[in-house]
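The values are calculated or read from the model by the stated rules, or taken from the named source; none is laboratory data. This is a predicted model, so every value here is computed, not measured. All Cβ positions, glycine included, derive from the backbone under ideal geometry; neighbour counts span all protein chains shown.
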Amino acid sequence: MRDRRRHPRYPATWRLRLWFGELGFADARAENVSLSGIGIALPSATTAATLLKPGKTIGVEVYDADEPLFRTTAAVRHCTGTAVGVECMDLLPTELFDRLTTA
């Protein structure tokens, strides 16, 4: 199977908050990121996992301590158990992405 990613991935351990509109939110962690996508690890097979179906659109917030650093809308591309891949509608800001490549 050909890799369809447009940008290279980098390991990440960011705290995330996933928003499901009126259904609320779930906290998660990034496992890897690229300029246009995030590999997400859910803490367990929670209700959030049932809401994350390919094609669904969710809100994603990247956190540092208790402050959101970046917010975007993302489309779920795959979901297997507690592993989720999303494609962000906005590219990650350069300064946020630079934190990964210089860490």
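Points to keep in mind about this one:
- Candidates Val62, Val86 - the one that is in contact with a helix residue (DSSP H, G or I) (Cβ under 9 Å, 6 or more places away or on another chain), within 18 Å of Tyr10 (Cα to Cα) and either touching a residue at least 40 places away in the same chain (Cβ under 8 Å) or aliphatic (A, V, I, L, M) (or both): Val62
- Within the range 6-19, residues that are closer than 19 Å to Leu69 by Cα have Cβ atoms under 6 Å from residues that are small (Gly, Ala, Ser) and part of a strand (DSSP E or B) in these pairs: Ala12/Ala30; Trp14/Ala30; Leu16/Ala28; Leu16/Ala30; Leu18/Ala26; Leu18/Ala28; Trp19/Gly59, counting only partners at least 6 apart in sequence or on another chain.
- Residue check, Glu22 over 20 Å from Leu91 (Cβ atoms) and either surrounded by fewer than 17 Cβ atoms within 10 Å (Cβ to Cβ) or of a type outside the set (Ser, Thr, Tyr) (or both): yes
- Annotation: of all residues in the range 44-60 being at pLDDT below 85 and part of a loop (DSSP other than H, G, I, E, B), the one that is surrounded by the most Cβ atoms within 10 Å (Cβ to Cβ) is Thr46.
- Test: residue in the range 42-53 that is within 14 Å of Val86 (Cα to Cα) and not aliphatic (A, V, I, L, M): yes
- Selection within the range 6-19 - surrounded by 13 or more Cβ atoms within 10 Å (Cβ to Cβ), of a type outside the set (Phe, Trp, Tyr) and either under 16 Å from Pro43 (Cα atoms) or under 13 Å from the mean Cα position of the chain (by Cα) (or both): Arg9, Ala12, Arg15, Leu16, Arg17, Leu18
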